[in-house]
Amino acid sequence: GAVVSQHPSWVICKSGTSVKIECRSLDFQATTMFWYRQFPKQSLMLMATSNEGSKATYEQGVEKDKFLINHASLTLSTLTVTSAHPEDSSFYICSATNRERPDEKLFFGSGTQLSVL
Amino acid sequence: DAKTTQPNSMESNEEEPVHLPCNHSTISGTDYIHWYRQLPSQGPEYVIHGLTSNVNNRMASLAIAEDRKSSTLILHRATLRDAAVYYCILRARGLYGNKLVFGAGTILRVKS
């Protein structure tokens, strides 16, 4: 079945540094990718919707200058957490929709655990 | 976005069927009903989805009420590996794949 690869699985960084998370659709083209954040014992919170070749649409309360999203190709979207701080520590998850079947299921990456010291 | 309501948690015995309910009284005619589940420290996993008719796949069955204001995910024989958080989500139809907004979900515990 279709696979979404997310990398890295976990990352530890110092406060003030930037971290890039990659999300790739391995065997399908994804016109749209979604980025979520999840804190311990909470549900997934949608951060932004990323459309190939255009600017991402951010949910209310999510700082677009803090969380930079790039969707340069139909198989790759990246999320960059800029100037990370301890409160940005969270589990980040991407998901993608198959361009050929937009009404079908979403495929999710395995998530990235970010810890900011 | 139309909302869904699920019980916070449910418990089941291993090898027994499990019925996970979901209410979505504000569903629109163009909303699909999706179910995903999530194990700790993993991304969500697709379970099943449907529009109007009941659906079956190798993982589960989805029973949709005639008025579509509620649905039930059925795991026919629960195993310990089915212990997870189950999310019922409405997703509007759209050419570019509309977003999925997660609610709190139901924590399913399976006892051996």
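Odds and ends about this structure:
- Cysteines in the protein assembly as shown lacking any other cysteine Cβ under 4.7 Å from their own Cβ: A:Cys13.
- Restricting the trypsin sites (Lys or Arg not before Pro) of the stretch B:17-112 to loop positions (DSSP other than H, G, I, E, B) with no more than 11 neighbouring Cβ atoms within 10 Å leaves B:Arg58, B:Arg77.
- Charged-residue dipole, Cβ positions (Lys, Arg, Asp, Glu), chain B about Cα centre, Debye nearest 20: 260
- Carbon-plus-sulfur accessible fraction, the stretch B:1-101 (probe radius 1.4 Å, protein heavy atoms only): 47%.
- In straight-distance terms, cross-link reach from A:Lys105 covers every one of the aspartates and glutamates whose alpha-carbon lies under 20 Å from its own, apart from those fewer than eight places away in the same chain; here that gives A:Asp27, A:Glu52, B:Asp1, B:Asp31, B:Glu45, B:Asp82.
- The protein assembly as shown: equivalent-ellipsoid semi-axes (sqrt of 5 x gyration tensor eigenvalues, Cα, Å): 30, 21, 15
- Loop-resident sites, the stretch A:83-117, for GluC sites (Glu not before Pro), counting at most 16 other Cβ within 10 Å (DSSP): A:Glu100, A:Glu104
- Projecting the Cα atoms of A:Met45, A:Ile12, A:Asn70 onto the charge dipole of the stretch A:1-70 (Cβ charges, centred on the Cα centre) puts A:Ile12 farthest toward the positive pole.
- Applying Stokes-Einstein at 37 °C and 0.692 mPa s to the Kirkwood radius of chain B, computed over alpha-carbon pairs, gives a translational diffusion coefficient of 233 µm² s⁻¹.
- With both labels modelled 7 Å from their Cα along Cα-to-Cβ, the B:Asn8 to B:Ala63 distance reads 2.6 nm.
- GluC sites (Glu not before Pro) lying in DSSP loop within the stretch B:1-99, provided at most 11 other Cβ fall within 10 Å: B:Glu15, B:Glu66
- Cα-projected label distance for A:Leu26 with A:Leu117, points at 7 Å along beta-carbon direction, nm: 3.2
- Listed by chain and number, the aspartates and glutamates placed with their C-alpha closer than 13 angstrom to that of A:Lys14 are A:Glu87, A:Asp88; residues fewer than eight positions away on the same chain are left out.
- In summary, the lysines within cross-link reach of A:Lys20, defined as a Cα separation below 22 angstrom excluding same-chain residues under 8 places away, comprise A:Lys55, A:Lys64, A:Lys66.
- All C-alpha to C-alpha distances of the stretch A:1-71, sorted into 10 Å bins beginning at zero, yield P(r) values of 16, 46, 34, 4 percent in whole numbers.
The values are calculated or read from the model by the stated rules, or taken from the named source; none is laboratory data. All values reported here derive from a predicted model rather than from experimental measurement. Backbone-built Cβ (ideal geometry, glycine too); neighbour counts: all protein chains shown. The area values use the complete protein model at the heavy-atom level, side chains included, leaving out ligands, DNA and RNA. Shrake-Rupley method; radii C 1.70, N 1.55, O 1.52, S 1.80 Å.
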